[in-house]
Each structure stands twice: as C-alpha cells, then as structure tokens.
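The values are calculated or read from the model by the stated rules, or taken from the named source; none is laboratory data. What you see is a predicted model; the values in this text were computed from it and never measured. All Cβ positions, even for glycine, are placed from backbone atoms using ideal geometry, and neighbour counts span all protein chains on display. Heads up: the accessible areas ignore ligands, DNA and RNA and are worked out on the full protein's heavy atoms, side chains in. Shrake-Rupley method; radii C 1.70, N 1.55, O 1.52, S 1.80 Å.
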Amino acid sequence: MQAANQHYDAGQFSEASQIWQQAAQGYEKIGDRTYQALALSFVSLATQQLGQWQQAKAAIDTSLSLLANTGKTNERIHAQVLNALGRLQLVGGKAELGIDSAQAALKTWQEAETLYRQAGDSVGTFGSQINQAQALQTLGLYRQARKLLAQIRQTLEQSPDSRLKVTGLRTLSDIFQQAGELDVSQKMLVQALAVAEKLGLHQDKSITLLSLGNTARAQKQTQKALEFYEQVETVAAEQFPLLEIQAQLNRLSLLIETRQWDLAQSLGSQIREPLAILPPGRSTVNAQVNLAKNLICLQLQRSTPICPLLADKQNQPSQTKTVDKSSPSVIIGLLNAAVQQAENLQDSRTQSYALGNLGQFYEERGEWQKAKEYTTKALNLSQQIQAGDISYQWQWQLGRLLKQEDITGAIAAYSQAVKSLQSIRSDLVTLNPNIQFGFREEVEPVYRELVNLLLQAQTPSQENLKQAREAIEALQLAELDNFFRDACAQAKPEQLDKIVDSAATPTAVFYGIVLPDRLEFILKLPKQSKLLHYRTQVSQGEVESTLKQLREKLAQPKPSNELPKLSQQVYNWLLRQTEPDLAENGINTLVFVLDFSLQNIPLAVLDDGKQYLVQKYALALSPGLQLIESRPLTQIKLNVLTAGVSESRTVAGRTFDSLNQVPVELEQIQAEVASSTQLLNSDLSAASLKKAVESVPFSVIHLATHGNFSSNPEETFVLLWDRLLQAKNFDQLLPIGSRINARTIELLTLSACETATGDKRATLGLAGIAVRAGARSTLATLWQVKDDSTAAIAIQFYKVLKDHKLTKAQALRQAQLYLMEKHPNTNYKLPYYWAPFVLVGNWL
C-alpha cells in the first residue's frame, strides 16, 4: 500500500494502480474485505487520474459491495471509499449524468464528512468539505460554496499549528485565487508560510512560496513574483528538485511574458540538465513540455497563440536581439521525450498534452502536415478520456491549421472547440490555477476567429450568419463568466428571435464585432428569418483610436468642432449601410449586441449628418438576448426606492466628492411617482439597503451615488454610505430570490456612475452589474454629470414611463429629446448633458 502511495505522489499513476491491485489481491487472500475495499478505492483514484473511467467505476463498485458485506463498519475506510466515489461522480460521471453528476458527488461527500467526523478524523473532514465546496461551484451554487469555504477558513484559522493547517490554508487560497479574490488568497498564504516556517516544514514552505509567486503574478506584481520564485529555488535546492524546477519554469515564463530576454536566455539554458535526471511522472512530463514551450517563445520573441506576451512599451526587445541558442532539435528532443515518458506511464492526458504541443511547435515552423498529424493524435487521446479542457485547445489548433486550405473543415474544428468550451463552462472558472486559462489569450480568440471564418465569404450563407450570431452571443456570456470568475448567468438561447418578433413596436437587433481588419455586422429584422449582413473594411487600431477620441470629446461640457466629424465617422462605419433596410421595415427601436469596445460610447450620439441616432430611434444595449427576461414592463405600479449619497465621503481608502444635485433629484422623483421610499446619506448603509429591498417589493431602485464601471470586477462598484458595493456582491444586497414575493426588480437606475478612463472594455462592468443585480433593465450613465440635467432626465423618464405606456427604450428617448429640444436651459443641447444615459437589458 505504501509503495503504491509513493508512485501516486510521484505522478506515476499506472504503476500505482497496478501495485494497489496487487495489495487488494493480497487482502482478498487473507480474507480482509475492509482493506481490500480500501485498496480498490485507491485503484479507482489512480485510474481516474488516467481518465480510465470504466476501470475506475468497476474498482469502486467492487469496493462498495465488499463494504456492504462486511459485518462492522470501519468509518474512516468507508469514508475514504466514498471520497473516491465522489471524485468519480463529479469528473467521470459528466458524460452519463450531466449536471446531476455534481449533485450525486455532493451527496456522497456529505456522507463521507459524517463518517469522518464519527471516526474523529479532522484531515478527512476538512478534505470532504473542500470537495463539497467544489461540487457546489460546479452546480453554480456559488453563494452556498462561499458560505462553506468561510466556515472552513474560520475552523482552520482557529486550529492549532500543524501540517494540516498549512495544507488546508493553501488549498483554500487556491480556491479563492481561482475566484479572482487575490487579496484573500494572499493573506491565507502568508498565514500558511508563517506556520510552515515555525514548524520547520521545508517542503510546505517551498510549495507555499511557489503559490505566493503565482498569486503575485496574477496581481501583476512581476518583481515580487520573481523574488518569490527565487526564494523557492533557494529553499527547495537539493532536497526537492521538482519544486525547484517548477519555480524556475514559472520564473522563466514570467521573464518571457514581460520580455526580459537576456535573463530568460540564461535561465532557459540552466534548466535542461537537472530536468533530464528527474524521475518520470506526470509533473516531470509537464515540466518538459513547459520548458519546450518557453524555449519556442524565446526563439520567436513575439506574441503568438502559444506565447502571449504583455504589450509592454518600456520593455521592448533590445535592438541587439539575443537569439536563442537552443536549436529546434533541443525542443523536438524535449517534446519527444515527454511523449515517450507519458506513453510509458500509460498517462493519456499527459501524452495528449505533449503531442499537442509538438503540433504547436510544427505549426509555428509552418510544417502544416506534421502539425496536423500530431494535433489529431493529441485530440483523439483527449477525447477518449473526456478531457474538455485540453480537447478545446487541440480543436482550436486544428482549426488554425485547416484554415490554410479547407475553410469548411476549419469551421467544423472551431465549432467543436466552442462546444467543448461551453461543456466545461463551469469548470473554466474553477480550474486548478496552474492551468488557469488566460481568457484574453486562450478563450476569447476561439470565438473571434470562428466569427472571422464564418463571415469571410463576400456574401456569407444564412447558415453561417446564424452560427456567427450564436458565437457573438456566446462570447458575451463567456466574457461575463470570466469577469465574475463564475458561471452564474443563466442563458436561454431558444428565445433570440421570439423576443424581437413579438415586440409590440418594430424592433431590429444589430450585432457587431471588431475583427483585426474589419467590422462585421448582422441585422435581425422583426418577423423575418433571413439575417442581413454588412461589412466595413477598417482596421481594429483605427476603430479603437477613433472611439477613444470620440469618448474624450463627449465627456467635455463645451462645444467641439471635432465632435460631429468623429461622430459621423463612427455612424458611417456602423450604420450607414443599414439605412435603407431599417427605413423599409419601419423600425423604431434598435437593440445593439456589440463588442464591449464598441459600447464605450453612447450610440445615441452617432450622427448621420442631419440628426443624432436618438432623434430617429429608441435605443438599448444588450449583453446578449439569451440573457434577457423577455416580459415587457406592463403597466406596473411604479414603486420606487430612491437612494443616494450627496456628501463627500472617504470609504475603503478612496475619497469621493460631494454630489450636491442628489437631494433635489431624489425629491423630484418622489414627487413624480405614486409610491416611494428614500434612503439618503447615512441612511444608505449596506444593512439598511438590504433591509429595505427585502421588506418591500420595489419595482424600481434608483441609486444617485458615485459608481465606477471597469473591466476589472474589483474596480466595478457603487458607493454606499459605509462601503463600496462591488459588482460581484450585487446579488447579495438585492437578493431577488429571497424577497418576500420574489418579484424581479424591473429597473435599476445608476445616475452618477462613470466608466474607468482608458479602459476600452469598461462597459463590461456595467453589463456585469446589470446581469448580477438581476434587474430586468439597468439605466446608467457612462460619465458623471454634476448638474441638474441628470435629475431632469431621470424625472422626465419616470414621467413618460408612468403616463404614456411606452417601452423603457422609448421613455429614455423622450427624456433625452426633452433635454435636447425643450428644456429652458439651452446648454443642455450639448451631448455632454443628455448622452451619458444608456439602457442595458430588457428594452420593453
């Protein structure tokens, strides 16, 4: 049993499985069913690691039936067997059971926890709780998972110093790191490090320092991360060669990512020899593949799918460019050795990883035939063991290779990659941080490149347009998952056309995506199954710099000569070609599903040379129609919670100016609507907001307080009196499901928010809040206007909504036109005052 354990820890799963099998036979001979069952549960764990699901299931089934037939139960052993069963249900059961597999695993681990408690085994209890948290995350029950993790954390922190405490804190910190909570993760690691040092646990100290390096790297603290990796090398030297090499590899890839070529060069040549003498195992093979990948990047010294480099201006490659001395034969040698070792270990997952990287190497060299051969082999292996997280990478790679000659084949491969990504949607955000995906480099391009291929033809087929539209919707959803590091947003793809076709006012949906060399648009008209397609040849660079200039000019409260020029330019790119189709179909509402970089400017301000877009159409943004609650705002009673902070505040180390117009804004809204409640300044604490929302079914929540939208969830918040309410906690304060009569909030208005400067995806934060708050629609400002104009628009909006039975999009349009054309203050004609308001979500 002990020997097998050592093989297992060394990543030699096939040998471990065979030796445990022998142990099981030994126990059978002497009639010890309990320990035979235990040995077989270990066989199951080892075969699960190899993706041999059939064998793993057979071993666990035998194990369970042996336990059922022994007289008295040994709680600890029974719990260990259940532990292995839970793992099999969660990972291996996906294909048969789908989402129920996580439900089954959760139940199994709860039983295991009870047995471990009865046996007085705190290590086992802790492990089965961590497993339950993972199952809850897979089920999308993030709040329950968090509650459980907070409990575990408290128990751990109060427990006496021990090795268990160190590993426990480290495991927890990994989970928090995956959830994007880097500060919490770092705190736990610092605690773990202190205990490891106090107890003289050198191996634990090395592993914890390695995790601290990875966390600092995720926090973009390059120098700090490099120092942590160097510390691991010092502590682990001689004693723990594999940890030393892992630290060196992490340091190497970080030096390459930040373009520190000379340092990377010398480190790359040091790692090869010690790596060659490590004992074979999964970690060794992965280390060889990672070294090879890094050496490829050293040769290329440019950003590619394999080597995503940071676009760092200060650190461009020096003119005297070091050329990597390691010849292609060294790289091929490393990868071939890795393939061979993985084959000897009978480890399909690792073999697939090595073969796929060999394919990547040949792809970079332009040797398409060889690249295809290795990629196909890698894909077959990963599909046999249902490893979606690597399958999608090889499907994407195959797509890139087929693009050269066979567009149809390439589209099929890309479509498979997107399918694989969707099947592991809940795993993508809870994956082991060592293989945590860089979303921008390794997920997003799959969707964009698929759209690029589908829309390549001069006139793409209807089939391709439909698929491209689905891919744009799917990308929006993936962006939100990645923003929150969870897969909470519930999508309903069946309703795309239904919403548009059944809208009372003629509505068209306009999809837009920015590709490197062009803009592509798809238009869905009401009650027409045929999709229309438009294209504008303009480079991504030009689009982004024009949008940036336009955004800067808009946020200035003074007339500008450039503004009309820029605004017309963007109008021409986006909408000029659609004019005849929109006019012919009598469209009066336009809903935009756009790339986040196109949403940073309010579309109302686009100018056709005669008038603004809002003078022709009611407008709304949508983070994808599959995320919309499709019921219109029927004549509900406007019951409004008005809340705001007008005094200057310092909260969480930030200072916010006073907003003097807020009290007036709230009073005037109250005068306008039949029923309302007000929370101003110190009354707007987190606790009182939560209490108010839980006790009365408000249909509208109007927050007039500082807020910030950013593509970074930590920087996306709304100011309350006593804290910053971050995007990811919106669902805790506005807990839709737990309110008395669980009526959805129809509208959330945020009237003093702004988008982070210089962040071209800042509106991702706005979409995030809109989805997370669970409100049907969100009305928000893209920049702050400290003036009575904000109140004037809000009041007009509620007035129109109440009296005229219009949709929310039409009500916003009327309010903006009022400011532009009828308000006594003529300054308000400037877009600065009326344009920042945008409606996100359900426009009905």
### Query
Counting Lys and Arg as +1 and Asp and Glu as -1, what is the net charge of the other residues whose Cβ lies under 15 Å from the Cβ of residue 619?
+1
### Task
For the pairs 558/786; 403/760; 165/220, note any where the Cα-Cα span goes beyond 23 Å.
403/760; 165/220
### Message
Taking the Cα centroid of segment 772-794 and of segment 233-255, what is the distance between the two, rounded to the nearest whole Å?
### Response
51 Å
## Note on the structure
For segment 1-113, shape from the Cα gyration tensor axes a ≥ b ≥ c, cut at a/c of 1.5 then a/b versus b/c, turns out oblate
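Divide by every residue of the chain the summed helix terms, -39500 (n - 2.57) for each DSSP H run of at least 4, and state the resulting mean residue ellipticity at 222 nm, rounded to the nearest 500 deg cm²/dmol. Before the final figure, lay out each step's value.
Working: 36 runs with 478 residues, N = 844.
Estimated from H runs of four or more residues: -18000 deg cm²/dmol.
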### Query
Using θ = phi - 60° and the Karplus form 6.51 cos²θ - 1.76 cosθ + 1.60, what ³J(HN,Hα) does each residue of segment 439-449 get, whole Hz, x for Gly and Pro?
4, 4, 8, 10, 10, 3, x, 4, 5, 5, 5
#### Entry: Amide H contacts of residue 745 (H built 1.01 Å from N, under 5 Å, at least 5 apart or other chain)
776
### Query
Against the longest principal axis of the chain, how steep is helix 462-484, in degrees 0 to 90 to the nearest 10, with axes from Cα atoms?
80 degrees
### Query
Which links in 147/198; 527/805; 690/728 stretch past 21 Å when you go from one Cα to the other?
147/198; 527/805
### Query
Under the classification rounded if a/c is under 1.5, otherwise prolate if a/b is larger than b/c and oblate if not, where does segment 696-814 fall, given a ≥ b ≥ c as square roots of the Cα gyration tensor eigenvalues?
oblate
#### Entry: Neighbourhood charge, 15 Å Cβ-Cβ cut-off, centred on residue 814 and excluding it, Lys, Arg +1 and Asp, Glu -1
+4
### Message
If amide hydrogens are placed 1.01 Å from N in the peptide plane, which non-local residues have theirs closer than 5 Å to the one on residue 705?
### Response
645, 751, 752
### Largest-first principal axis extents of the Cα set of segment 582-710 (Å)
53, 36, 30
### Over segment 748-808, equivalent-ellipsoid semi-axes from the Cα gyration tensor in Å
23, 17, 8
## Note on the structure
In whole angstrom, largest first, the equivalent ellipsoid semi-axes that the Cα gyration tensor gives for the chain are 50, 32, 26
### Query
In square nanometres, what is one fourth of the surface area of the convex hull spanned by the alpha carbons of segment 69-158?
6.2 nm²
### Query
With axes computed from alpha carbons, what is the tilt in degrees of helix 261-276 against the longest principal axis of the chain, rounded to the nearest 10 within 0 to 90?
30 degrees
### Message
Above 12 Å lies some portion of the pair distances; for segment 668-711, what is it as a whole percent of all C-alpha pairs?
### Response
69 percent
### Probe 1.4 Å, protein heavy atoms only - accessible area per residue of the chain in square angstrom
40 Å²
### Message
If you average 1/r across every pair of different Cα atoms in segment 582-628 and take the reciprocal, what Kirkwood value do you get, in Å?
### Response
11.8 Å
### Query
Within straight cross-link reach of residue 822, meaning Cα distance under 19 Å, which lysines are found once same-chain residues fewer than 8 apart are removed?
610, 616, 799
### Query
Where a ≥ b ≥ c are the square roots of the eigenvalues of the C-alpha gyration tensor, would you call segment 202-316 rounded, which needs a/c under 1.5, or, failing that, prolate if a/b is larger than b/c, or oblate?
oblate
#### Entry: With every protein chain in place, segment 500-645: carbon and sulfur % of accessible area (1.4 Å)
49 percent
### Message
Roughly how far apart, in whole Å, are the Cα centres of segment 634-666 and segment 153-221?
### Response
40 Å
### Message
Between segment 701-715 and segment 362-426, what is the separation of their alpha carbon centroids in Å?
### Response
39 Å
### Query
What share of Cα pairs, in percent, lie more than 19 angstrom apart in segment 635-703?
36 percent
## Note on the structure
Proximal lysine pairs in segment 1-124, meaning Cα under 24 Å and 8 or more positions apart or interchain, come to 6
### Query
Of all DSSP beta bridges located in the chain, what percent are antiparallel, nearest 5?
45 percent
